[in-house]
Each structure stands twice: as C-alpha cells, then as structure tokens.
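Right, one structure below, let's go through it.
The values are calculated or read from the model by the stated rules, or taken from the named source; none is laboratory data. Predicted model, so just to flag it, every value in this text is computed and none were measured. Here the Cβ is made from the backbone with ideal geometry for all residues, glycine too, and neighbour counts use every protein chain on show. Each accessible area value is taken on the protein alone, full model and side chains, heavy atoms only, with ligands, DNA and RNA left out. Shrake-Rupley method; radii C 1.70, N 1.55, O 1.52, S 1.80 Å.
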Amino acid sequence: MNRTFKLLCLLAMLLLFGSCASRKDFVYLQDMDELKEYPVTQKYEAIIHRDDKLSIVVNSKDPELTLPFNIPGSGGYTVGADGSIVSSSAPVTEGKESKGYLVDVNGDIDFPILGKLHVEGMTRNQLTELIKRRLVEEELLKDPIVMVNFLNFKFSVLGEVGHVGTFDVTGDRITLLEALAMAGDLTPRSRLDRIAVIREYGNKRRILYHDIRSKDIFTSPCYYLQQNDIVYVEPTKAKATEQDQRKFSTWSMILSFITTVTSLIFIYTK
C-alpha cells in the first residue's frame, strides 16, 4: 500500500510540473539589464507600396500658385490664405475614403501637372524631395514646401493573441511590440520565440521570425512594421483542442480522487 501511494503521488507531481511552463518562457526582453543604456541604431522610414493612399499637400509663399497641386481636403489639410498649411474642416474618415492619391498596381500616382510619378519603394522624404525638385526644375514653383503622409497605414495580427484583426495606424510608425499590445498581447499558449512578420517586397513576400525574450528584437528589420505587414504568433506545441483539454481535466480529477482515497485508506489502515 505504501509503495502504491508513493507511486501515485509521484505520478501526480509529474503531471503537475509537466503541465507548467518555465517562467522564462513568458518573460519579454529577459536579457536586458536594468539601467543599462542600449543605443538606438536603426533608422526607420516607412516605404510606399502599391494600394497605399497618400496625402500630398503643396505649399509656397504664393498660395494661389499651389492650388492646382492640391486636392481639397486631402489628408485633412488645406493651404491657408497666407500660404500656411492648416487643418481641414472635413472629417478624417471622409478624407480617407474620398481623398488622396492611390498608388496603382504599377506603383504610380497621377499627380496634377507633373503627371505619372513612380513612387513605389520610396520613403515619404524621397517622394517629398522628388516633387519639390520637379516643381522647381519645371519652373512651376520657386520655393515649394511639400508634405506627404499615409492615409491608410494598417497591419494585421493573427495567431495566439488576445484578439486578431487588422489595425489602422495614425501616421506611419508602429513597432512590433506596440502591434502585439494593440492585439491584446500574447496568451499563455503563445510561442515567444516564433513571432513572425510577413512582409511584401514588390512582387515577393518574406517571413522573419522573432524571439521577443531577447533584446535582439530591437535590431530586426521588422521591428518597425511597414504598411500591410502581417504579424503571426505561433501557438505552443502544448496547445490542445477543447476536447483534449476536457479529457486532461477529467483524468486529472480522477487521479486526484484516487490519490485522496488512497491517502485516506493508508492513514486509517496504518
């Protein structure tokens, strides 16, 4: 009887500890030291892709000359009477739906007077400099000021997170950690060492895996998300279906009952 009781206790302990993961499996950035400074070496700039919608506002000292280059209400901004850029009274949602320049399947936009501009693969600053240079070279404006912004910057999160979905970003700067926070954070069944970012490069797609237990995530080319990135969080191997979980719960209750009964028998027959 004593031997049987010990075997049952050992089995219960193995089941208990086997179902519990190490604490380190759930700690983010665990290799960072407190108060130690880590340099920020990565310079982030969002890249323009096909199907992006862009707000482009042109300004100069003579606002009347800039009118042909501006879509009224584009991106929620207009050129004021004194040449300054001011907020538009149009709702943001209206501007996003009906205003802005859509990057076509060839990576081009049709800009007033300048015509077709190939913008795919450029950053906002590169497109800004391109438009300014063209306006000056073609003697359309002497001192142009150009503002370029994204109107539909978004990303998607799938897998083992609090809630999956597609999320809109104000501006064009979002980190992988911020994206996970917007998706309700990871769950106890998430693999912290297999967080993937799927990204489009022209006509190709690439996938890069991250281990957010390590500070190395800060040097990843996907730490700052790009337009239309897909974040996928893998589940752990221990993740079970609801039926498997119910079976495990049932067997745990049976084992607990047997252990309790055996203990009582052992105590009263000793």
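Quick check: is even one residue across segment 109-121 modelled with pLDDT of 95 or more, under 24 Å from the mean Cα position of the chain (by Cα) and part of a loop (DSSP other than H, G, I, E, B)? Yes - at least one qualifying residue is present in segment 109-121. Among the residues of segment 183-208, just one is within 18 Å of residue 169 (Cβ to Cβ) and either of a type in the set (Ser, Thr, Tyr) or touching a helix residue (DSSP H, G or I) at 6+ places or on another chain (Cβ under 9 Å) (or both), namely 197. Looking across segment 100-129, not a single residue is touching an Asp or Glu at 6+ places or on another chain (Cβ under 6 Å), open to solvent by 20 Å² or more (accessible area, probe 1.4 Å) and touching a residue at least 24 places away in the same chain (Cβ under 8 Å).
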